1. Please specify each residue of segment 25-57 satisfying the condition of being surrounded by 18 or more Cβ atoms within 10 Å (Cβ to Cβ) and part of a loop (DSSP other than H, G, I, E, B).
2. Take segment 58-84 and flag every residue that is under 19 Å from Gly106 (Cα atoms), in contact with a Leu (Cβ under 8 Å, 6 or more places away or on another chain) and among the small types (Gly, Ala, Ser).
3. I want to confirm something. Restricting to segment 83-111 and keeping residues that are crowded, with 16+ Cβ neighbours inside 10 Å and of a type in the set (D, E, K, R), which single residue is farthest from Glu58 (Cα to Cα)?
4. All but one of (1) within 25 Å of Pro4 (Cβ to Cβ); (2) in contact (Cβ under 8 Å) with a residue 40 or more places away in the chain hold for Arg108, so report the exception by its number.
5. Taking the criterion of being among the acidic types (Asp, Glu) and free of Cβ contacts under 8 Å to residues at least 40 places away in the same chain, would at least one residue in segment 45-61 satisfy it?
Amino acid sequence: MTSPLNDTDRRLVDAASELLVRTHDADLHRVAAAARGASGQIYLGLSLRSPRVSVCAESTALANARIGGEQDIEAMVSVGLREDGTTVILNPCGVCRELVPAIAPGIRTLADDGGHPVWVTAADLLPMPWVRARSYD
């Protein structure tokens, strides 16, 4: 795990934060994500909520990166909004801990370690991933 943020990392956090501040709706959009492709391009994602379905911001950011032609996605961050209107880095949910590395195997995720941002790998987030006993495909 590494923690120092350089200017490129800060731009990733800022992109997700600016999106969430602009679009936040407690009923519809609670989380924003930003993913950086190998090209350096940043792709944004926003959580989508309805009474029955929720789609995570991480998955929409990954989808946008793939739609944009990125084959390799190197880094991702997700943010939420505090009550005072400032953003905070969020750790991925369990579904995203499985989904994100399946789509982007070498990705680093900016996570929160007790109020300190740290870069982590998929293995850091999900050291013992779930596996099927056999394939049913």
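Throughout, read-outs are computed from the coordinates displayed, never taken from laboratory work. Fair warning: this is a prediction, and the values are worked out from it, not measured in the lab. No Cβ is skipped: glycine too gets one built from the backbone with ideal geometry, and neighbour counts run over all protein chains shown.
1. Those that are surrounded by 18 or more Cβ atoms within 10 Å (Cβ to Cβ) and part of a loop (DSSP other than H, G, I, E, B): Arg30, Ser47, Cys56.
2. Hits for segment 58-84 are Ser59, Ala61, Ala75, Ser78.
3. Of everything passing the filter in segment 83-111, Arg108 is farthest from Glu58 (Cα to Cα).
4. Status for Arg108: all satisfied but (2).
5. The answer is no; no qualifying residue exists.
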